[in-house]
1. If you scan segment 280-292, which residues turn out to be under 16 Å from residue 314 (Cβ atoms) and not aliphatic (A, V, I, L, M)?
2. Going by the conditions given, is residue 151 more than 16 Å from ligand 1 (Cβ to nearest atom), at negative phi and among the small types (Gly, Ala, Ser)?
3. Against the condition in contact (Cβ under 8 Å) with a residue 24 or more places away in the chain, on the phi > 0 side of the Ramachandran plot and away from ligand 1 (no atom under 16 Å from the Cβ), how does residue 275 come out, does it pass?
4. Filter segment 42-90 down to residues that are within 16 Å of ligand 2 (Cβ to nearest atom) and assigned to a helix (DSSP H, G or I), then give me how many there are.
5. Does at least one position in segment 117-132 carry a residue that is in a loop (DSSP other than H, G, I, E, B) and either more than 25 Å from residue 8 (Cβ to Cβ) or in contact (Cβ under 8 Å) with a residue 12 or more places away in the chain (or both)?
6. Restricting to helices (runs of 4 or more DSSP H) lying wholly in segment 183-297: which have 2 or more residues that are not assigned by TED's automatic domain parsing to the domain that holds residue 344 and not small (Gly, Ala, Ser)?
7. State which residue is surrounded by the most Cβ atoms within 10 Å (Cβ to Cβ) when the search covers only segment 225-255 and only residues that are without any contact (Cβ under 8 Å) to a residue 60 or more places away in the chain and among the aliphatic types (A, V, I, L, M).
8. Which numbered condition in (1) touching a Leu at 6+ places or on another chain (Cβ under 8 Å); (2) within 16 Å of ligand 1 (Cβ to nearest atom) is the only one that residue 302 fails?
Amino acid sequence: MEQKRHLRVLSKHWETDDTVTFTLEPTDGKPFDYLPGQYLSLIFVSNGQEQRRAYSFSSCPGVDPHPAITVKRVPNGEFSNYLLQHVEPGDVLESIEPNGLFLLPKKGVQNLFFIAAGGGITPVLSQLKSLLLQHTPKAQRIILFYANRDSRSTIFKQQIDQWIELFPDRFECVYFFSREKNAAHALYRHLNNELLEDMLHRYFQGRITAADRRNTRFYLCAPVPMMRMARMTLRVLDFPDEHIRQETFLPEKPPVPRPRDTSILHHISISGLDGATEFQTYEGETILDAALRQGIALPYTCKSGVCFTCLARCTSGQVEVAFTEASKQEGPGSMVNTCIGYAVSEKVALEF
Ligand SMILES: Cc1cc2nc3c(=O)[nH]c(=O)nc-3n(C[C@H](O)[C@H](O)[C@H](O)COP(=O)(O)OP(=O)(O)OC[C@H]3O[C@@H](n4cnc5c(N)ncnc54)[C@H](O)[C@@H]3O)c2cc1C
Ligand code: FES
């Protein structure tokens, strides 16, 4: 039901001491479509088990000749370390088609704020390339708040510094360094709610109007506590929630598996992939796990409710979606994450 792709590594470039960009090329020569802000789900096999990891594109279609992903090492992380240490030009990686909803607005808006930290710059870089190097209205203002330890650990700093020089009327960047004083375009501060509020007030010259709120969008890609702080600050300033998008690399807490009761079964029907299929879940088993257990290849990546690869529309029945913060019961018309979705009704129909 899922389309697998194979991508040859064309180049491997160290961006910082712990981050590498891989440029890729599909081995089948077929088009490889993605949008700025989307990610690639790589498939690995470890101890006979399939494992997947998402990596956002740092490249931008129409700007860069080849798709590229940028991987930052996670201490003790299985696949980030494998990619950095062992994957070289000429190697072939397996993936599914690009995915993701961290997308730029379809219509141009006046102000676009990006708040990124560390590896969270990756999808933002792709979006900035699209905004700055493709067709952007001159009046649009793009502001990046980018938090890191210091200049040396700041991924894509050289590229961003060039844009600061090249596009002084359209692009502004403020770096927040926790361990470096007196760097250019940088504050030696942690970005907290007070500072963010202050910076936004300064940007809007002390008064944020209803028109400013309509004409501004925010894109967040940083650790969850920083994104929560930013969201709360934006809420206090009355920016509408639907004007804030965020990409989460890792949930704050992993989902907790539920005890399974194999004596209670739910019937699931799936449509919309290349054909219809039906299977059963046990009580306490996610819809995705039940499908995979029975050899049905539903799409997924993170299995923890943050990437949306597994999203399907519920067309009948009831599903409980167990996010770590809160569970929600969803019915017909709602989108549900099958990786953290449990059938509640005896029958559930989903459309991909
Ligand atoms: C939509 C999406 C886009 C992503 N884009 C990128 C990207 O562009 N570049 C990139 O480098 N990564 C990205 N990630 C994260 C990536 O998918 C992996 O989670 C990451 O590389 C860690 O995988 P691992 O196998 O090395 O670590 P694992 O073996 O899975 O984890 C090892 C340990 O590290 C912890 N851990 C895992 N990830 C992190 C983290 N990011 N920060 C702190 N602790 C962590 C885990 O909780 C665990 O305890 C993205 C994730 C998502 C969901
Ligand atoms: S697989 Fe990532 S949200 Fe379900």
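The values are calculated or read from the model by the stated rules, or taken from the named source; none is laboratory data. Model, not experiment: these values are computed from the prediction. Here the Cβ positions follow ideal geometry from the backbone for every residue, glycine too, while neighbour counts run over all protein chains shown.
1. Hits for segment 280-292 are 281, 286.
2. yes
3. Judged against the criteria, residue 275 is a match.
4. 1
5. Step one: list which residues in segment 117-132 are in a loop (DSSP other than H, G, I, E, B), which gives none.
Within segment 117-132 (the criterion being in a loop (DSSP other than H, G, I, E, B) and either more than 25 Å from residue 8 (Cβ to Cβ) or in contact (Cβ under 8 Å) with a residue 12 or more places away in the chain (or both)), the answer is no, since none of the residues qualifies.
6. 193-203, 210-214, 224-236
7. 234
8. (1)
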